[in-house]
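Remarks on the structure that follows.
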Amino acid sequence: MLRVQGYREIKRDSPWNFVLGDGQGHEIDVHAFVFDDRGEVVQGTLYPKDSLAGSGTINGRVVKCVSPEYMVKFHTGYKLRDTDFKDVAALCERFGIDYPAEYQHLKK
């Protein structure tokens, strides 16, 4: 489906994490994983079980996703890029999440 929309792999960190792009600046950061019978991630990107309790919508379809709180948490502890600042500011403002220490200067 994404190939038909013009998306191609543009970066691969592992078999479980890669980025697709459409050549027009749109990117999808894919993090794949395998669950066991208890709902724990046992292969791939080892997200904590509680982090996968979010939901969102894509073109009107409800999808499971990482919760906003964990998305903010996952944007800490590494060298931050401009996109990280934009992502965290948008998440914190939209969902009323406290800014992490390294993002405090963005607080309005």
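The values are calculated or read from the model by the stated rules, or taken from the named source; none is laboratory data. Small disclaimer: the values here were computed from a predicted structure and weren't measured. Cβ placement follows ideal geometry from the backbone for every residue including glycine, while neighbour counts extend to all protein chains displayed.
Before moving on, here are some points about what is shown:
- Checking each residue in region 19-48 for being more than 13 Å from the chain's Cα centre (by Cα), modelled with pLDDT of 90 or more and acidic (Asp, Glu) picks out Asp22, Asp36, Asp37.
- Per the conditions (1) modelled with pLDDT under 90; (2) loosely packed, with under 10 Cβ neighbours inside 10 Å; (3) farther than 30 Å from Gly6 by Cβ; (4) not polar (S, T, N, Q), the sole criterion not satisfied by Asp82 is (3).
- Any chance Asp98 is of a type in the set (Asp, Glu), at pLDDT 90 or above and more than 21 Å from Glu27 (Cβ to Cβ): yes
- Close Cβ contacts (under 7 Å, 6 or more residues apart or on different chains) running from residues in region 1-27 that are within 17 Å of Gly44 (Cβ to Cβ) to residues that are among the small types (Gly, Ala, Ser) and surrounded by 10 or more Cβ atoms within 10 Å (Cβ to Cβ) comprise Trp16/Ala32; Trp16/Gly44.
- Members of region 49-92 found to be closer than 21 Å to Phe18 by Cβ and assigned to a loop (DSSP other than H, G, I, E, B), listed by number: Val66, His75, Tyr78, Lys79, Arg81
- Phe85 more than 23 Å from Gly39 (Cβ to Cβ), in contact (Cβ under 8 Å) with a residue 24 or more places away in the chain and not polar (S, T, N, Q): no
- First in region 39-54 and over 12 Å from Glu69 (Cα atoms) and without any contact (Cβ under 8 Å) to a residue 40 or more places away in the chain, second anywhere and surrounded by 12 or more Cβ atoms within 10 Å (Cβ to Cβ) and among the hydroxyl-bearing types (Ser, Thr, Tyr), Cβ under 7 Å, 6 or more apart: Val41/Tyr47
- Yes/no for Val62 being of a type in the set (Val, Ile, Thr) and within 25 Å of Lys107 (Cβ to Cβ): no
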